[in-house]
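The values are calculated or read from the model by the stated rules, or taken from the named source; none is laboratory data. Remember, predicted model here, so these are calculated numbers, not experimental data. A quick note on method: Cβ atoms are made from the backbone with ideal geometry, for glycine too, and the neighbour counts reach across all protein chains shown. Ligands, DNA and RNA are excluded from the accessible area calculation, which covers all protein heavy atoms including side chains. Shrake-Rupley method; radii C 1.70, N 1.55, O 1.52, S 1.80 Å.
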Amino acid sequence: MERIDTDILIAGGGIAGLLASAVLAEIGFDVICADPVPPVTDGAAAGADTRSTAFLMPSVQLLERAGLWPRLAAHAAPLRIMRIVDASAAEGALETADFVSDDIDQPAFAYNLPNWLIRREVLAHLQTRANAQLLAPCRVEGMLARSSGAIVTLSGNRQLRAPLVIAADGRNSPLRKAAGIAAKKWSYGQKALVFVVHHPDLPHENVSTEVHKSGGPFTLVPLPDAHQSAVVWMATGPEIAALNTLDDAAFAQAATARSAHVLGALTLVAGRATWPIIAQQAARLDGPRLALLAEAAHVIPPIGAQGLNMSLADLAALAGLLAEARNAGQDIGAPALLARYSRARLPDMAARIAGVDALNRASMASAAPLHGLRRQGLKLLHGVKPLRKAAMFAGLGAGARQAP
Ligand SMILES: Cc1cc2nc3c(=O)[nH]c(=O)nc-3n(C[C@H](O)[C@H](O)[C@H](O)COP(=O)(O)OP(=O)(O)OC[C@H]3O[C@@H](n4cnc5c(N)ncnc54)[C@H](O)[C@@H]3O)c2cc1C
């Protein structure tokens, strides 16, 4: 049996696990990341993740510190304006609120990149680091926590020892389950369709637009090509099933209508992947020699670009504590340290989950009083500069009225 020693084992090489590998290697830890599925780094290949991620400013700052940002920035579309459009009025009138990055003295409030491209660039970065390694295909089959460290069984007859294991193994996290950490899960009866559109009539002008009507938001997020945007269309399960029966031309027409024509006629470039919409919240983020990260700890509906950004807030907190412990000559997998990590993240995690949950429920509602409430919230948020700034920083869109 092959035996490996390292400082940190990261189970899961999704975007969160890969970014965690880069950030923790940058501060000097020896990191091994294991995933049973090798990352797909070509957008046109089968299995490619066609979603995109808008990195909010705190995430950009973390990636800058890790030396990753120059690579990613070269492929990112800056988002200058966050536009919320309420298209729910029966007479078809649109109510619009713009949140401009000038309000927070930044050239952009976020930067958007396709997920497959993030994987490609982070992998290329990891290959330049002697202290970071991706093992794929390689499954984490189990771990045994001892006072001296964790003993991890990997597929391929390999065993690994490390003082700390990070579970970035996704929403069904086998390591979270094995550690007996409870997770509360709820569903909204919604699904999301993810695809890329071409809009030849109008450029996006670096404006990210969320169109609310009923059933959930329809969000257009700029890509580097001025006439292409990534779309997340949330609606009820039966509505998404019906949309999936349409051919590309009919689907593009339906998307154009649902977008309230904000970018003119839309044509389909790529995608139509369907994602279930759920929320999930782990009761704690620590276990013996184990720290939960990203979707292993929390899942939320894709509104306001919160999912991976919340994961990077987890990572920033964990990296800070680990660096502090290492510099003090302490055990990086000690129970007290991991409990501090959990305590530090739980309040922010709960607030963001509650904020996105409230916005999603308001956006789903087809009842007139809730529409009115949504419009009032939009006016309040937009009219008051400090609230507007908070919204830009949090990237929560209309839901940020819950956040301050
Ligand atoms: C439609 C949609 C749009 C989104 N848009 C945004 C956005 O704009 N901004 C944002 O911040 N977030 C967004 N999100 C959220 C974001 O995409 C996710 O938070 C992120 O991709 C999840 O990453 P992850 O690495 O935690 O999980 P995953 O990508 O699920 O990765 C988990 C990995 O663990 C591996 N694994 C499983 N079991 C094992 C095992 N036993 N051993 C080793 N590895 C294992 C899996 O193979 C997988 O590769 C969106 C989500 C959706 C659904």
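Just a few scattered comments:
- Shape call, the chain: gyration tensor on alpha carbons, a/c limit 1.5: prolate
- The magnitude of the dipole of region 1-121, with charges of +1 and -1 set on the Cβ of Lys/Arg and Asp/Glu and taken from the Cα centre, is near 300 debye.
- TRP69, TRP186, ranked by accessible area, largest first (probe 1.4 Å): TRP186, TRP69
- Taking 0.36 nm per residue of separation and subtracting the Cα-Cα distance, full extension of the segment from ALA350 to THR274 would add 24.7 nm.
- Separation of the GLU324 and ALA130 label points, Cα + 7 Å toward Cβ, nm: 3.1 nm
- C-alpha long axis of helix 385-394 to longest principal axis of the chain, angle in °: 50 degrees
- Ligands, DNA and RNA left out, the accessible area of region 1-144 computed with a 1.4 Å probe is 49% carbon and sulfur.
- Accessible surface of region 242-290, 1.4 Å probe: 60 percent of it comes from carbon and sulfur atoms.
- Positive-end residue, region 109-233 charge dipole about Cα centroid, Cβ charges, pick of VAL122, PHE195, SER214: VAL122
- In this structure region 229-375 gives 37 Å² per residue of accessible area when probed at 1.4 Å with all protein chains present.
- Taking ASN115, ASN131, ASN157 in turn, the Gaussian network model of the chain (Cα-Cα springs below 10 Å) assigns the largest fluctuation to ASN157.
- Farthest towards the positive end of the charge dipole of the chain, among the residues ALA339, GLY13, ALA167, is the Cα of ALA339, using unit charges on the Cβ of Lys, Arg, Asp and Glu.
- Average accessible area per residue (Å²) across region 62-132 - probe 1.4 Å, nucleic acids and ligands excluded: 42 Å²
- Rolling a 1.4 Å probe over the protein chains gives HIS75 an accessible area of about 60 Å².
- When the charge dipole of the chain is built from unit charges on Cβ atoms (+1 for Lys and Arg, -1 for Asp and Glu) and taken about the Cα centre, the candidate among ALA270, HIS227, GLN106 whose Cα reaches farthest toward its positive end is GLN106.
- Check: the chain dipole with +1 on Lys, Arg Cβ and -1 on Asp, Glu Cβ, in debye: 1080 debye
- Computed over the chain with a Gaussian network model linking Cα atoms closer than 10 Å, the most mobile of GLY43, GLY13, GLY333 is GLY43.
- On full extension, the segment bounded by GLU2 and ASN157 gains 55.1 nm, given 0.36 nm per residue less the C-alpha separation.
- In the elastic network of the chain, a GNM with C-alpha springs shorter than 10 Å, the most mobile of PHE29, PHE99, PHE218 is PHE29.
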